[in-house]
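The values are calculated or read from the model by the stated rules, or taken from the named source; none is laboratory data. Just so you know, these numbers come straight off a predicted model, no measurement behind them. Here Cβ is always computed from backbone atoms with ideal geometry, including for glycine, and neighbour counts include all displayed protein chains. When the accessible area is computed, the model is the full protein with side chains, heavy atoms only, and any ligands, DNA or RNA have been set aside. Shrake-Rupley method; radii C 1.70, N 1.55, O 1.52, S 1.80 Å.
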Amino acid sequence: MIQFKNVTLEYPVTRTLALDDLSLQVGKGEFVYLVGHSGAGKSSFMNLVLKRALPTRGEIRVAGETLARYRGRRTALLRRRIGTVFQDNLLLDHLNAYDNVAFTLRVTGVPQREWAGRVTTAMRTVGLEHKKHALPVQLSQGEQQRVAIARAIVADPPLLLADEPTGNLDPDHSREVLRVLQNVNLRGTTVIVATHARDLVETFRHRTLTLRKGRLVRDDPYGGYTL
Ligand code: ADP
Ligand code: ADP
């Protein structure tokens, strides 16, 4: 699903070396954690996959295609095929949970007759079918995050990128969100989670990639959190 070959990312102006000769592969259907201190390069990795940043050197392939070959409209299509979840996911507060999730389908041009079925499936995957009429203010932070995950997966992306998805949540809600991400993965979506949450990485074991100063220093198939 993702292939990095000798990828270096040096930000212009500050000349910060965010990623340093990074080579790795993430297969279709994998669940992978990306860990490392703040500044290790986790967000930069995500930005490269989304083509929000361009590598200074090296080659990146996503779903078998070399990103450098993507232009204009194809870049937009690529981004639509990748679900994203962040620490703060702004839901539209005047829309209920259902409509927040359906909004993505409107934007991505999915025919309206498919909306109800897709939204219902996504809400079920995140365990919030019964809250679909609730407004964001009526939901806990963990539930809001699950709505954001439903929104990210409703168009059935082959890949989901989650950057600190539990950053604002207490331990119970964090575990809930992790279970939901695992459900998404069980349905066939490749999931990459950048996180600082040691307890989650050690409780829900998955392959763990550790970055240090932009270099891959560990690739542990059974997980483990050692920075
Ligand atoms: P985290 O540690 O949670 O990943 P960061 O503070 O590293 O968060 O980054 C948050 C956002 O700010 C990212 O999108 C990143 O690209 C951007 N960012 C981080 N450092 C800088 C910087 N020195 N200059 C400009 N943007 C930055
Ligand atoms: P992480 O997500 O692991 O915290 P980042 O990828 O955000 O790490 O940052 C890696 C390095 O690149 C850090 O030194 C950060 O300050 C720098 N950086 C991130 N984004 C930018 C940016 N847009 N411009 C300049 N430097 C950046």
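Kindly provide the Kirkwood hydrodynamic radius of region 84-160 in Å, to one decimal, from all pairs of distinct alpha carbon atoms.
One over the average 1/r among Cα pairs gives 12.1 Å for region 84-160.
Taking the Cβ-Cβ separation of Asp170 and Glu202 as r and a Förster radius of 22 Å, what is the calculated FRET efficiency to the nearest 0.05?
That pair, Asp170 with Glu202, gives E of 0.80.
Using θ = phi - 60° and the Karplus form 6.51 cos²θ - 1.76 cosθ + 1.60, what ³J(HN,Hα) does each residue of region 126-133 get, whole Hz, x for Gly and Pro?
Here the 3J(HN,Hα) series is 8, x, 10, 3, 6, 10, 5, 8 Hz.
Principal axis lengths of region 111-227 from Cα atoms, whole Å, largest first?
47, 29, 22
Helix 171-186 sits at what angle to the longest principal axis of the chain, using alpha carbons and giving 0 to 90 degrees rounded to 10?
Helix 171-186 and the main axis of the chain meet at about 80 degrees.
Quick one: net charge of Ala97's neighbours, Cβ under 15 Å, K/R +1, D/E -1?
Surrounding charge for Ala97 is +2.
In nm, give the distance between the simple-model label positions of Thr56 and Val217, each being 7 Å from the Cα along the Cα-to-Cβ direction.
With each label placed 7 Å out from Cα toward Cβ, I get 2.0 nm.
Round to a whole number: what % of the accessible area of region 1-157 belongs to carbon and sulfur, probe 1.4 Å?
Accessible surface attributable to carbon and sulfur in region 1-157 totals 49 percent.
Helix 97-108 versus the longest principal axis of the chain: what is the Cα-based angle in degrees, 0 to 90, to the nearest 10?
60
Rounded, prolate or oblate: which fits region 128-179 when a ≥ b ≥ c are the square roots of the eigenvalues of the alpha-carbon gyration tensor, with rounded for a/c under 1.5 and prolate only if a/b beats b/c?
Oblate shape, in that a/c is at least 1.5 and b/c is the bigger or equal ratio.
For the chain, take N as its residue count and report Rg(C-alpha) divided by 2.2 N^0.38 Å.
Normalised Rg, Cα atoms only: 1.01.
Looking at the square roots a ≥ b ≥ c of the eigenvalues of the Cα gyration tensor of region 49-119, which shape do they give, rounded for a/c under 1.5, prolate if a/b is larger than b/c, or oblate?
prolate
What do you get for the angle between helix 141-153 and the principal long axis of the chain? Use alpha-carbon atoms, 0 to 90 degrees, nearest ten.
Value to nearest ten degrees: 80.
Provide the per-residue ³J(HN,Hα) series for region 18-29, in order, calculated from phi with Karplus coefficients 6.51, -1.76, 1.60 and θ = phi - 60°, each as a whole number of Hz, with x at glycine and proline positions.
My calculation for region 18-29 gives 7, 9, 10, 6, 8, 10, 6, 9, 10, x, 4, x Hz in order.
What percent antiparallel are the DSSP beta bridges of region 152-227, to the nearest 5?
Expressed as a percentage, antiparallel bridges in region 152-227 total about 50.
Quick one: of the DSSP bridges fully inside the chain, what percent are antiparallel, nearest 5?
Looking only at bridges with both residues in the chain, the antiparallel portion is about 50 percent.
In straight Cα distance, which lysines are under 22 Å from Lys51, not counting same-chain residues fewer than 8 positions off?
Qualifying lysines at Cα under 22 Å: Lys5, Lys28, Lys42, Lys213.
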